[in-house]
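One structure below.
The values are calculated or read from the model by the stated rules, or taken from the named source; none is laboratory data. Please read all numbers here as calculations on a predicted model, not as lab measurements. Please note: Cβ atoms are built from the backbone with ideal geometry, for glycine as well, and neighbour counts cover all protein chains shown. The accessibility values were calculated without ligands, DNA or RNA, using every heavy atom of the protein model including side chains. Shrake-Rupley method; radii C 1.70, N 1.55, O 1.52, S 1.80 Å.
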2 protein chains.
Amino acid sequence: MKTFNLCLLGFGNVGRALVRLLAEKSVEMRERYGIEWRITGVATRRMGWIASAEGLPVESLLRAGEFAAVASRGESRVTNVREWLAAARCDAMFEITSLEPLAGEPAVGHVRAGLEAGAHVVTANKGTIVHAYRELHALAEARGRRFLFDATVADMPVFSLFRECLPAVRLRAFRGIFNSTTNIILEEMERGGAFDDGVRRAQSLGVAETDPSYDVDGWDAAVKTCALATVLMDAPLPLDEIEREGIRGLDPESVRAARAAGKPYKLVSSAERADEGRVAARVRAEQIAAGDPLAAAGGTSLIIHFELDILPGLTLTAHHPDLQSTAYGLLSDFINAVRAET
Amino acid sequence: MKTFNLCLLGFGNVGRALVRLLAEKSVEMRERYGIEWRITGVATRRMGWIASAEGLPVESLLRAGEFAAVASRGESRVTNVREWLAAARCDAMFEITSLEPLAGEPAVGHVRAGLEAGAHVVTANKGTIVHAYRELHALAEARGRRFLFDATVADMPVFSLFRECLPAVRLRAFRGIFNSTTNIILEEMERGGAFDDGVRRAQSLGVAETDPSYDVDGWDAAVKTCALATVLMDAPLPLDEIEREGIRGLDPESVRAARAAGKPYKLVSSAERADEGRVAARVRAEQIAAGDPLAAAGGTSLIIHFELDILPGLTLTAHHPDLQSTAYGLLSDFINAVRAET
């Protein structure tokens, strides 16, 4: 049995869902994996760097009105991520700031600081993989720590599947639907709504950003495609080498006609090995016919289809993932990072 | 780097495919996982117990005409599994005899002998899980060895997925299509053929047994359902507690009409938690509508849909698995069993 000091860098919806899930799974984590935990650090832009090596009160963290009181109890002289990690005696850091993933910083710097401080780092930030996977992975190896990120793509254990369950395979190609907002917009258009109705619906469901262009123009899907290719195909793929075309060019009539013909439009990501170890990848609206492996994903479900050298084809579908699915990606990474230590 | 002595108990099609795959992936196993291997034991009903601690010639094992010569080179005084494992100085044993899975023996005895001899044991024999999972798992734990069986169900890494990638989840229910032979028979009937045409087609594809009743009457699907429930739901489920109904009762007209209506028949396995920790499970022909998570599996593809306490739904589809898929299940288990030792 070992008690791990956890630090959350970022404490928005995903952070709160993670803390609730940690509390919910405490007994199971203790009994099955010998893992005890306490939260010794929380940092947000508004509240600053809160740290207490004895542990912060979990219930109070979750109550909006009590957060300020928690903050006042922590170490007050902490002014940056390194001091914060030290004051919290951090064993595992969750990097879950809500950032512009097209830029790697400051998330990459946070992950680097966490690993250099001797902590495992678990992130939901795709940008860290796109911009610095090799560096951060090598740093983690050198320090004997883990850098894990199953929460970044499609709310399914994709990276851990390849790492743990598919040793010695070679990934030839993949295709997938990785973006919920465009799914919702396209379905709204299929039902006769306008593009903007779909955007509002996605926003009301909490899946779209206030500025939906990141989803709609395919940036989100492109970043995820890039992360998958970089890690699973061992081919760093600069974001600007991905052909990217969003769904703005689709008019409602075409979208309705495609659905009526049984071949609805989806924003599809795909990548395959090209010449000289390169990977060719693209994001674009495609019509999905009934027999297509991607046809299984309706609504907000996400899907990924892999072509491997050994297994002819393997498809994973996450049905209607939610905030808890993302939080679980973080939790499972944490358990996997430390289960060998208990 | 470490060289592992491998023993194959059973050397039919799956065994040959495994040896070919080991040879094909040798460089990757060495470079990526530090694993070297040699085959020091092979046993078949016809050839007896062949063992040579220095290693048997792999190329000759694969050439039918040279197998007898290999046999003559081995230790000749070996007369049972224990002597064979000792003579081969076995590090990892593959239990891949082709047996009647409704009976646990002699496969359970083989696995027990392997673990007691200090070897890891990897099996494709579902019967060992149905009849003796708890005993064999506990024995493996006690000896610090692994007992792994990803090759037993649906040609996908299902057991390793739960073990490695889905820590601390609770499986509430699953549904799946686990039997290729019935898929082929039903599709033949959909195209206007008779039941027996379907059986012949499945036999010509090499997926059905000479006596197809094991597939057709749902025994194969029931054994797989039982294995999944036993391991993933931690609920030993005696085979005779599974409601089982095969596809013999379906007439060609109903099968064709169901397909025409877009709701084709499939032999579906399902299980869910019932009262007092029990699991209720069944195997029967069901019509699968378009929106059903199981609708993604056409042809000989296999599929499994999980309902978890945390993730709303997760589906895995193996598209047209073949002999190599089964062999890969054995190879990946072997790599996972030993990768921590190198």
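Report summary: the helix-based calculation at 222 nm, which adds -39500 (n - 2.57) for every DSSP H run with n ≥ 4 and divides by the residues of chain B, gives -11500 deg cm²/dmol.
Pairs of alpha-carbon atoms within less than 8 angstrom and 6+ residues apart define the contacts here; what relative contact order does chain B have, in percent?
Numbers: 688 pairs, mean separation 63.6, N = 342.
Taking the mean separation of contacting Cα pairs over the length of chain B, I get 19 percent.
Highest mean first, the peptides B:193-202, B:224-233 sorted by other C-beta atoms within 10 Å per residue fall in the order B:224-233, B:193-202.
When you restrict to C-alpha pairs under 8 Å that are six or more residues apart and normalise by the size of region A:63-176, the relative contact order lands at 20 percent.
Helix A:219-232 and the longest principal axis of the Cα set of chain A meet at an angle near 70°.
Summarising the overall dimensions of chain A from its C-alpha atoms, the Rg and Dmax are 20.7, 64 angstrom.
Annotation: amide H of A:ILE39 within the under-5 Å range of A:LEU6, A:LEU56, sequence separation 5 or more or interchain, hydrogens built in the peptide plane.
Counting heavy atoms of the protein chains only and a 1.4 Å probe, report the per residue accessible area for the protein assembly as shown as a whole number of Å².
On the way: 26860 Å² over 684 residues.
About 39 Å² of surface per residue is accessible.
Multiply the residue separation of A:GLU66 and A:ALA142 by 0.36 nm, subtract the distance between their alpha-carbon atoms, and state the gained length in nm to one decimal.
On the way: separation 76, 0.36 × 76 = 27.36 nm, distance 3.97 nm.
Taking 0.36 nm per residue and subtracting the Cα distance, the gain is 23.4 nm.
Spin-label model, A:MET47/A:GLU253: points 7 Å from Cα along the beta carbon direction are separated by 5.4 nm. How much accessible area is lost when chains B and A come together, counting both sides, with a 1.4 Å probe, in Å² rounded to the nearest 100? In total, this chain pair buries about 3300 Å².
Using 0.36 nm per residue and subtracting the Cα-Cα separation, the extra length available between B:ASP197 and B:ASN13 on full extension is 63.8 nm. Working note: Debye formula, equal point scatterers on the alpha-carbon atoms of region A:171-320, no solvent; log10 I(q)/I(0) at q = 0.21 Å⁻¹ is -1.32.
Remark on A:GLY48: its backbone amide H falls under 5 Å from none of the residues 5 or more positions apart or on other chains, H modelled at 1.01 Å from N. Unpaired cysteine residues in chain A (no second Cys Cβ under 4.7 Å): A:CYS165, A:CYS226. Its Cα centre serving as origin, the protein assembly as shown has a Cβ charge dipole (Lys and Arg +1, Asp and Glu -1) of approximately 1100 debye. The angle between the Cα long axis of helix A:195-204 and the main principal axis of chain A comes to about 20°, on a 0 to 90 degree scale. Under 5 Å from the amide H of B:VAL268 lie the amide H atoms of B:ARG284, B:ALA285, B:GLU286, each residue being 5 or more positions distant or on a separate chain, with H modelled from the backbone and absent for Pro and chain starts. For region B:26-54, accessible area lost to neighbouring protein chains reaches 10 Å² or more, against the chain alone with a 1.4 Å probe, at B:GLU28, B:ARG32, B:TYR33. The shape of the protein assembly as shown comes out oblate: with a ≥ b ≥ c from the C-alpha gyration tensor, a/c is at least 1.5 while a/b does not beat b/c. Label zone of A:GLU83 (point 7 Å out along Cα→Cβ, amide N under 12 Å): in region A:27-56 this covers A:49-51.
For region A:13-25, backbone phi angles converted through the Karplus equation (6.51, -1.76, 1.60; θ = phi - 60°) give residue-by-residue couplings of 4, 5, x, 5, 4, 5, 5, 4, 5, 4, 5, 5, 9 Hz, Gly and Pro being listed as x. Axis angle, to the nearest 10 degrees, between helix B:126-143 and the longest C-alpha principal axis of chain B: 40 degrees. Using a 1.4 Å probe on protein heavy atoms, which residues of region A:152-197 have at least 50 Å² less accessible area in the complex than alone? Buried on complex formation: A:PRO157, A:GLU164, A:CYS165, A:PRO167, A:ALA168.
Label positions at B:GLU245 and A:ALA23, each projected 7 Å from the Cα along the C-beta direction, are separated by 4.6 nm.
Once the partner protein chains are put back, region B:296-314 shows a loss of at least 20 square angstrom of accessible area, versus the chain by itself, at B:ALA296, B:ASP309, B:ILE310, B:LEU311, B:PRO312, B:GLY313, B:LEU314 (probe 1.4 Å, ligands and nucleic acids excluded).
Within the accessible surface of the protein assembly as shown, defined with a 1.4 Å probe on protein heavy atoms only, the carbon and sulfur portion equals 45 percent. Partners of A:LYS263 within straight-line reach, counting lysines whose Cα lies under 29 Å from its Cα and excluding those fewer than 8 residues away in the same chain: A:LYS224, B:LYS263, B:LYS266. A full extension of the chain between A:GLU135 and A:ASP309 corresponds to an added length of 59.9 nm, given 0.36 nm per residue minus the alpha carbon distance. For region A:252-342, rounded, prolate or oblate, judged on the Cα gyration tensor with a ≥ b ≥ c (square roots of eigenvalues), a/c < 1.5 rounded, else prolate if a/b > b/c? The shape class here is oblate.
Note that region B:155-162 has calculated 3J(HN,Hα) couplings of 6, 9, x, 7, 5, 5, 4, 5 Hz, one per residue in order, obtained from phi through the Karplus relation 6.51 cos²θ - 1.76 cosθ + 1.60 (θ = phi - 60°); glycine and proline are x.
Largest first, the residues A:VAL14, B:VAL121, A:VAL207 sort by 1.4 Å accessible area into A:VAL207, A:VAL14, B:VAL121.
Taking all Cα pairs closer than 8 Å and separated by 6 or more residues, the relative contact order of region A:255-320 comes to 22 percent.
Three principal axis extents describe the C-alpha atoms of region B:1-65; from largest down they are 37, 22, 17 Å.
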